[in-house]
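Where a number appears in this text, it was derived from the coordinates with a stated rule and is not lab data. Values in this document were obtained by computation on a predicted structure and should not be read as measured data. A quick note on method: Cβ atoms are made from the backbone with ideal geometry, for glycine too, and the neighbour counts reach across all protein chains shown.
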Amino acid sequence: MTEGTPGDASERRPIPQPPGPPVWSPADQAWLVTRHADVAALLRDPAFDAANPADGIRRLTARTDPEARHLAGLLDGMAIFQNGATHAAVRPILKDYVAGVASQWPAVAIEALVAETLAPLAAGTTVDAVAAIADAVPNTMAARGLGLPVADVARLRAMGQEIATIWRPLPPLREARRLEPVAAAVRALLAEAPRTDGRLPLAGTDAVPLADMEFFIITAVVETTASALGNAIDLLARRPHLQDRLRAEPGLMAGFVEEALRLAGPAARLNPRIATARREIGGQVFETGTAVVAVLESAHRDPLAFPDPETLQLDRRGPPLLAFGGGVHACLGARLARAEMAITLQRLVERFRLAPRAEPARRRASRDMLAFERLPIALS
Ligand code: HEM
């Protein structure tokens, strides 16, 4: 059940790093791990800690800007940057929260939200699929769980995208200074925003204030789902024949969601890991203290794991996808995200034929996240 290679040149974002043995990246000051088996081994090895960009920011600002504490504090609150006791305390809280979201959003509730989201869209028009669909569904789901107005979730996401630009080695001091007031504004907004009923229980810990926990949920959780939906809509819009098949055989949608996550999963690269002991992966020895980056977009095109990797195959069998990470930081919302994607995309193809527009889509300028900022789609 091959649905063809990615369509035209504008779809094919060149993979910066083809799958192969680990390679040193001077720009990242890290080794890049690109083969599926190597990435899986890296993620499951407890000898690798998650790097925390807050450490670098503290070193950078300690002498000149000792008050620059909001930015580092906010980053400390991101579960994906945590290790040891802090992460062990935070993960069960997030697990309970995600269970709460799942019970707030059974399939019928997601169906109703999707129907409401698609209702104002009309055949014969062009929509920005990011704003109208891909952002709208996950923003509303997150807003309900956190008891926030949807507009605040959208504002917090925008601030999160700005703050994410500093998740890199050796950020300049002026960037940290520029982002400190943004981080302060995030915390103030979360502390002061009016809350609606139905907010799910969520607590902070001794190390992580509640507002920082909420910010993580918005940036990591909503951002990934919205980006995954946008990327999948783009893949669909370029394949009219695939839309016909999914319309006729809804049972194939789960296979499409997997392939969309493989070919266009939002996390192109994961946050670096730091070896806490000497380790060997893929024939390369990593000494203690070495930074290693899992490049998911390369591993998902590893022909040893996924033969003929550029073709979209609805019945593809293969090793587990890495789109949701793995090991101690493995995504807690994978099941919910898959359900959200499958329902939204199914109802979308049932209601409309989708086609790309001549006016260009705009991709987010990020090396780590694969996402659209704007995705004009013609509906008929
Ligand atoms: C298609 C959508 C999604 C994708 C591709 C995705 C991907 C990921 C990835 C790759 C990680 C691990 C990052 C790392 O190891 O550096 C992660 C972590 C996480 N995800 Fe997701 N995610 C998605 C949706 C969701 C949803 C809907 C939820 C909850 C409702 C969620 C909750 C979490 C949490 C709580 C973590 C942190 C785990 C930890 O650090 O212990 N995700 N996600």
For this session: For region 4-162, state the semi-axes of the equivalent ellipsoid (square roots of 5 times the eigenvalues of the alpha-carbon gyration tensor), sorted largest first and rounded to whole angstrom.
Result: 33, 26, 19
Seminar exercise, completed: Within the under-11-Å Cβ sphere about Asp152, not counting Asp152, Lys/Arg +1 and Asp/Glu -1 give a net charge of +1
Problem set entry | Computed [θ] at 222 nm, helices only, for the chain once each DSSP H run of length n ≥ 4 contributes -39500 (n - 2.57) | -14000 deg cm²/dmol
Problem set entry | Karplus (6.51, -1.76, 1.60) ³J(HN,Hα), θ = phi - 60°, over region 199-213, in Hz, Gly and Pro reported as x | 4, 7, x, 7, 10, x, 10, 4, 8, 10, x, 3, 4, 6, 5
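Over all directions, the average projected area of the alpha-carbon convex hull for region 291-380 comes to how many nm²?
That works out to 8.3 nm², a quarter of the Cα hull's surface.
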Problem set entry | Ranked by how many other beta carbons lie within 10 Å on average, peptides 71-78, 296-303, 167-174, 44-51 from highest | 71-78, 296-303, 44-51, 167-174
Seminar exercise, completed: Kirkwood Rh over alpha-carbon pairs of region 225-291 plugged into Stokes-Einstein at 25 °C, 0.890 mPa s gives a D in µm²/s of 167
Problem set entry | Alpha-carbon centroid distance for the pair region 148-207 / region 224-272, whole angstrom | 28
Exercise. In the Gaussian network model of the chain, springs joining C-alpha atoms below 10 Å, which of Glu359, Glu287, Glu116 carries the largest mean-square fluctuation?
Worked result: Glu359
Problem set entry | the chain - charge dipole about Cα centre, Lys and Arg +1 at Cβ, Asp and Glu -1, debye rounded to 20 | 280
Exercise. Once the other residues with Cβ under 15 Å from the Cβ of Ala143 are scored (Lys, Arg +1; Asp, Glu -1), what is the net sum?
Worked result: -2
Exercise. According to the square roots a ≥ b ≥ c of the eigenvalues of the Cα gyration tensor, what is the shape class of region 259-344, taking rounded for a/c under 1.5, prolate for a/b larger than b/c otherwise, and oblate for the remainder?
Worked result: oblate
Seminar exercise, completed: HN-Hα couplings for region 97-110 via Karplus (6.51, -1.76, 1.60; θ = phi - 60°), in whole Hz with x for Gly/Pro, come out as 4, 5, 4, x, 4, 5, 7, 6, 10, x, 3, 5, 6, 5
Exercise. Which whole-percent values make up P(r) of region 127-177 when all C-alpha to C-alpha distances are grouped in 10 Å steps starting at zero?
Worked result: 22, 39, 24, 15
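Quick one: which of 236-247, 29-40 comes out on top by average Cβ neighbours within 10 Å, and what's the full order, highest first?
Result, highest mean Cβ count within 10 Å first: 29-40, 236-247.
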For this session: Express in whole angstrom the spacing between the alpha-carbon centres of region 317-341 and region 349-380.
Result: 23
Problem set entry | Cα pair distances in the chain, grouped into 20 Å bins until the bin that holds the longest one, percent each | 28, 59, 13, 0
For this session: Please report, to two decimal places, log10 I(q)/I(0) for region 228-380 at q = 0.08, 0.10, 0.13 Å⁻¹ as given by the Debye formula with identical point scatterers on the Cα atoms and no solvent.
Result: -0.27, -0.42, -0.67
Exercise. Near the amide H of Arg374, under 5 Å away, which other amide H atoms are found, from residues 5 or more places off or on another chain, if H is placed in the peptide plane?
Worked result: Arg362
Problem set entry | Within-14-Å neighbourhood charge of Gly124 [Cβ basis; K, R +1; D, E -1] | +3
